[in-house]
Amino acid sequence: QVQLVESGGGLVQPGGSLNLSCSASGNIFPKNAMAWYRQAPGKERELVALTTDATIPIYAESVKGRFTVSRDNDKQTLLLEMNNLKPEDTGVYYCYVDRWGTGTWGQGTQVAVSS
């Protein structure tokens with residue numbers, strides 16, 4: 001059984017930075033894709049950043065150049081460094097892992113960007 005726990009969310013002013021962390025328990029392998037999604041109020045959940053061992057990270061156009069995803073396979077941790085945050089980055093950020101077609105979500109961490 002895999003469990004994901006996100007942390008690091010909070011309230012930040014526009015232009016500020018936050019670092020999100022996702023800690024995984026259970027067996028996760030480098031081949032398993034891991035990703036960050038977010039869901040803004042009243043909107044559908046969307047992909048923010050995806051990482052696998054088969055390709056370079058994939059980012060949503062809206063966060064390219066501002067967000068950086070990284071992964072520590074030994075610690076089973078997924079990180080998201082978010083810089084130059086904008087109000088439209090506000091939402092609940094979820095960690096996700098795909099283990100050979102079976103997906104698991106974390107409970108989410110709230111990010112609010114406001115002055």
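Got a sec? Which of 59, 37 is among the aromatic types (Phe, Trp, Tyr), within 14 Å of the chain's Cα centre (by Cα) and under 13 Å from residue 6 (Cα atoms)? Write out each step before concluding.
Values: 59 fails: under 13 Å from residue 6 (Cα atoms).
One residue alone meets the criteria, 37.
Looking at 10, 65, 16, which one is modelled with pLDDT of 95 or more and open to solvent by 60 Å² or more (accessible area, probe 1.4 Å)? Spell out the reasoning first.
On the way: 10 fails: open to solvent by 60 Å² or more (accessible area, probe 1.4 Å); 16 fails: open to solvent by 60 Å² or more (accessible area, probe 1.4 Å).
Checking each option against the conditions leaves just 65.
Based on what the data block shows, is residue 113 of a type in the set (Val, Ile, Thr) and over 14 Å from the mean Cα position of the chain (by Cα)? Against the criterion (of a type in the set (Val, Ile, Thr) and over 14 Å from the mean Cα position of the chain (by Cα)), residue 113 qualifies. Being at positive phi and in contact with a Lys or Arg (Cβ under 7 Å, 6 or more places away or on another chain) holds for only one residue in 65, 15, 91, 26, and it is 91. Hey, any hits in the stretch 96-108 for a residue that's over 18 Å from residue 1 (Cα atoms) and either touching a Leu at 6+ places or on another chain (Cβ under 9 Å) or not in a loop (DSSP other than H, G, I, E, B) (or both)? There is no residue in the stretch 96-108 that is over 18 Å from residue 1 (Cα atoms) and either touching a Leu at 6+ places or on another chain (Cβ under 9 Å) or not in a loop (DSSP other than H, G, I, E, B) (or both). Checked against (1) open to solvent by less than 30 Å² (accessible area, probe 1.4 Å); (2) under 13 Å from the mean Cα position of the chain (by Cα), residue 32 meets all criteria but (2).
Residue 58 fulfils the conditions (1) among the β-branched types (Val, Ile, Thr); (2) modelled with pLDDT of 95 or more; (3) open to solvent by less than 70 Å² (accessible area, probe 1.4 Å) except for a single criterion, (3).
Within this structure, residue 68 fails the test of being assigned to a loop (DSSP other than H, G, I, E, B), more than 18 Å from residue 108 (Cβ to Cβ) and among the β-branched types (Val, Ile, Thr).
Only residues that are among the small types (Gly, Ala, Ser) and open to solvent by 20 Å² or more (accessible area, probe 1.4 Å): list them for the stretch 69-115, please.
First pass over the stretch 69-115, keeping only residues among the small types (Gly, Ala, Ser): 70, 91, 101, 103, 106, 108, 112, 114-115.
Of everything in the stretch 69-115, those that are among the small types (Gly, Ala, Ser) and open to solvent by 20 Å² or more (accessible area, probe 1.4 Å) turn out to be 70, 101, 103, 112, 114, 115.
The values are calculated or read from the model by the stated rules, or taken from the named source; none is laboratory data. Not measured: the values here are computed from a predicted model. Positions of Cβ are generated from backbone atoms using ideal geometry, with glycine treated the same way; all protein chains shown enter the neighbour counts. Ligands, DNA and RNA are stripped out before the accessible areas are found, and what is left, the full protein with its side chains, is counted by its heavy atoms. Shrake-Rupley method; radii C 1.70, N 1.55, O 1.52, S 1.80 Å.
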